[in-house]
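The values are calculated or read from the model by the stated rules, or taken from the named source; none is laboratory data. Treat the numbers as computed from the prediction; the structure is a model and nothing was measured. Positions of Cβ are generated from backbone atoms using ideal geometry, with glycine treated the same way; all protein chains shown enter the neighbour counts.
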Amino acid sequence: MKTAYQPPGVWRTFGCNSMALVAGTGRQVLLSGQVAWDEQRRVVGVGDMGAQTRQTLRNIQASLEAVGGTMDDIVSLLTHVTTLEGLDAIHDVRASFFSEPYPVSTLVQVTALVHPDLLLEITAVALVPEERYREPDVTAVDTFDVSDDGFNLRG
């Protein structure tokens with residue numbers, strides 16, 4: 001369970017987020033920053049903030065579903081963008097993934113991400129209720145090696 005509130009004396013939030021949130025009991029799920037890569041690590045939606053936001057949120061959604069969670073279990077989002085152009089598209093897409101009360105949210109502009117075609121990266125924290133939570137299937141974790149071309153899987 002989560003409850004959003006507007007703290008007195010603090011500016012009102014806008015878009016698809018809450019100013020403050022109190023979250024109930026459950027299993028905390030911490031997700032690494034997600035980007036608009038498909039399963040083969042190809043950038044989805046090159047040059048399109050809306051398409052990249054959609055793919056990034058789909059990746060987050062899949063990560064949560066693997067443990068019985070939903071997008072409404074997310075309590076906090078941290079979004080890094082390389083450009084401030086297209087912020088409306090981010091909020092439009094987020095509105096199709098979230099319902100009220102919205103997660104708390106921070107947006108930061110950065111100079112670059114791990115691949116030059118990526119426009120945003122989103123990190124999420126979720127609180128999945130115990131009655132829905134299930135242990136994830138544990139598989140071997142692939143490691144990455146950094147090269148001049150960005151991240152490459154070691155074979």
Exactly one of 107, 84 is within 15 Å of the chain's Cα centre (by Cα) and either within 28 Å of residue 132 (Cβ to Cβ) or not aromatic (Phe, Trp, Tyr) (or both), and that residue is 107
**Prompt:** Is it true that residue 68 is modelled with pLDDT under 95 and farther than 23 Å from residue 48 by Cα?
**Reply:** yes
Here the qualifying pairs (Cβ atoms under 6 Å; residues six or more apart or on different chains; first in segment 109-130 and within 14 Å of residue 49 (Cα to Cα); second among the small types (Gly, Ala, Ser)) come out as 121/33
When segment 31-50 is checked residue by residue, the ones that are among the small types (Gly, Ala, Ser) and closer than 12 Å to residue 118 by Cβ are 33, 36, 45, 47
Residues in segment 42-69 that are over 16 Å from residue 32 (Cα atoms) and outside any helix (DSSP H, G or I) total 8
Within segment 53-79, the count of residues that are out of contact with any helix residue (DSSP H, G or I) (no Cβ under 9 Å at 6 or more places or on another chain) and more than 28 Å from residue 25 (Cα to Cα) comes to 1
Could you tell me whether any residue of segment 63-82 is surrounded by fewer than 11 Cβ atoms within 10 Å (Cβ to Cβ) and either touching a Pro at 6+ places or on another chain (Cβ under 6 Å) or free of Cβ contacts under 8 Å to residues at least 12 places away in the same chain (or both)?
no
Condition first: touching a helix residue (DSSP H, G or I) at 6+ places or on another chain (Cβ under 7 Å) and not in a helix (DSSP H, G or I). Can you find one or more residues in segment 89-107 that meet it? yes
The correct count of residues that are in contact with a Ser or Thr (Cβ under 8 Å, 6 or more places away or on another chain) and either at pLDDT 95 or above or not polar (S, T, N, Q) (or both) in segment 30-48 is 4
Picking from 132, 154, the residue that is surrounded by fewer than 18 Cβ atoms within 10 Å (Cβ to Cβ), at pLDDT below 95, within 23 Å of residue 4 (Cβ to Cβ) and more than 12 Å from the chain's Cα centre (by Cα) would be 132
